[in-house]
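Every read-out reported here was derived from the displayed coordinates using simple, explicitly stated rules and does not represent laboratory data. Just so it is clear, the structure is predicted and the values come from calculations on it, not from any experiment. We place every Cβ from the backbone using ideal geometry, glycine too, and count neighbours over all the protein chains shown.
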Amino acid sequence: MKNLFITFLLFSFFSLSSKAQWLRQNINTTASFRTVHALSDKNVWISGSKGTVLRTIDGGQNWQVINVPNAEKLDFRDIYAFNEKEAIIVSAGEASEGAAKIYRTDDAGQTWNLVFQTEEKGVFFDGIDFWDKNTGLVFSDPVAGHWFLLKTKDAGKTWERLIPTALPANKGTEAAFAASGTSMITVGKKQAYICTGGAESARVFRTLNQGQTWEAIDTPVPAGKASGLFGMKFWDNQHGVAVGGDYLEVEKDLPNVLVTADAGKTWQLEANTNPAGLKEGVGIWQKKIIIAVGPSGTSYSKDFGKSWTMIDKTPFHAISIVGNSVWAVGGKGTVARLNTDFLK
């Protein structure tokens, strides 16, 4: 979402407390990070502003800071990594200003190939995800009242415009937030979901056939110019969670947690997080504990959203969980790993 692109630069990110469960990584960068993709306990990829990509293959003992050539003005709001060497990054920004680009590396970031770009007015990329090693989806804010969708069948080497046979129109100013890399997610072999904000109420768009047809599902979460749903995560084909809030009032106590138990056909409100306020990213630890992050702090739930406990108020934008490892990223070079001993 375009307004979010500028507004989040105003947030001030404070240092992590020595008593916090988060273990701050020492990385020489001031870039702001919006997305993190952990493939294993050791292999993690991150991307963000100033054309910056981070990569570790030893669990954070050493970090490679990569500056994508000729991309210093781009903000890579989402990343998808296949393995230690291959990854795809997507830049958020106005296509008409040359900011809608997709790059791919197959040599651990030593070189980057520009695999797609467009200058079509209205295109503003929000996210990327894959169903398998070959088939993936990129989506943009609406163009002419509908999502702008791209699909790949060759691991992101080439992309083609996807024109679904059924795609409900977006309502007015309805769009998605390019805040955490999880406003669009794939699930299983064929499912995908897009969560929205910007209009009067938040909705979830759902496909069960890799984007050929979509349906729009109303939710009880209120929305507005700066509010709605920001991120999602499923822990199996049927069960998932969505989180949100308002990026102009990040501590405002609004309904900010939804869960589904029927593959996204219906969504129910659960308890607001503690601390309350905007949550942009959400993950599942060991398929039993939900962890949500945002500018208002980090919360976790051991009963799938019915109640929440505060970890701390360190502001983050995005989270990625694999195995026992929990990673989160935020502004001003913030990268941290959660000490999960207290969850066990």
Revision key, fill the gap. In nm, the gap between the two label points placed 7 Å beyond Cα toward Cβ at LYS85 and VAL115 is 1.5 nm
Point to revise | Label corresponding to Rg and Dmax of the Cα atoms in Å when calculated from the structure given, among (1) 18.0, 53; (2) 19.5, 62; (3) 21.1, 69 | key: (1)
Practice item. Go through the range 250-259 residue by residue and turn each phi into a ³J(HN,Hα) via Karplus (6.51, -1.76, 1.60, θ = phi - 60°); whole Hz please, and just put x for glycine and proline. Key: 5, 9, 5, 7, 10, x, 9, 9, 10, 10
**Study point:** Mean separation of Cα contacts under 8 Å (6+ apart) over length of the range 163-226, as relative contact order %
**Key:** 32 percent
Check your understanding: From the cross-link list LYS73/LYS189; LYS121/LYS225; LYS189/LYS287; LYS225/LYS287; LYS288/LYS313, which pairs have alpha carbons spaced over 25 Å apart?
Key -> LYS73/LYS189; LYS225/LYS287
Check your understanding: How much net charge surrounds ILE57 when only the other residues with a Cβ under 15 Å from the Cβ of ILE57 are counted, with Lys and Arg +1 and Asp and Glu -1?
Key -> -1
Exercise for review: Determine the sum of side-chain charges near PRO168: Lys and Arg each +1, Asp and Glu each -1, restricted to other residues whose C-beta is under 12 angstrom from that of PRO168.
Suggested key: 0
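Let me check against my output: what whole-number percent is the relative contact order of the range 243-289, with C-alpha pairs under 8 Å and at least 6 apart?
42 percent
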Point to revise | At 1.567 mPa s and 4 °C, Stokes D of the range 262-332 from Kirkwood alpha-carbon radius, µm² per second | key: 105 µm²/s
Review point. Applying the Karplus parametrisation 6.51 cos²θ - 1.76 cosθ + 1.60 with θ = phi - 60° to the phi angles of the range 159-166, what ³J(HN,Hα) value in whole Hz is obtained for each residue in order, glycine and proline being reported as x?
Key: 9, 10, 5, 9, 10, x, 6, 9
Review point. Is the range 162-208 best put as rounded, prolate or oblate by its Cα gyration tensor, with a ≥ b ≥ c the root eigenvalues, rounded for a/c under 1.5, and otherwise prolate when a/b is larger than b/c, oblate when not?
Key: oblate
Exercise for review: Take the chain, connect every pair of alpha-carbon atoms lying under 10 Å apart with a spring to form a Gaussian network, then pick out the residue of ALA178, ALA318, ALA31 with the largest mean-square fluctuation.
Suggested key: ALA31
**Study point:** For the range 65-215: relative contact order, % (alpha-carbon pairs under 8 angstrom, 6 or more apart)
**Key:** 16 percent
**Study point:** Neighbour net charge for PHE304 - beta-carbon separation under 11 angstrom, K R +1, D E -1
**Key:** +2
Review point. GNM, the chain, Cα, under 10 Å: largest mean-square fluctuation among ASP312, ASP246, ASP58?
Key: ASP58
Check your understanding: By how many nm would the segment from LEU269 to ASN70 lengthen if fully extended, with 0.36 nm per residue of separation less the alpha-carbon distance?
Key -> 67.2 nm
Review point. Where is the GNM fluctuation largest for the chain (alpha-carbon springs, 10 angstrom cutoff): ALA169, ALA38, ALA92?
Key: ALA169
Check your understanding: What are the GluC sites (Glu not before Pro) within the range 129-222 that DSSP puts in a loop, where the Cβ has at most 13 other Cβ atoms within 10 Å?
Key -> GLU200
Revision key, fill the gap. Of all trypsin sites (Lys or Arg not before Pro) in the range 64-131, the ones in DSSP coil with at most 15 other Cβ atoms within 10 Å are LYS73, LYS85, LYS121
**Study point:** Per-bin percent of Cα-Cα distances, the range 51-190 [10 Å]
**Key:** 12, 43, 34, 10, 2
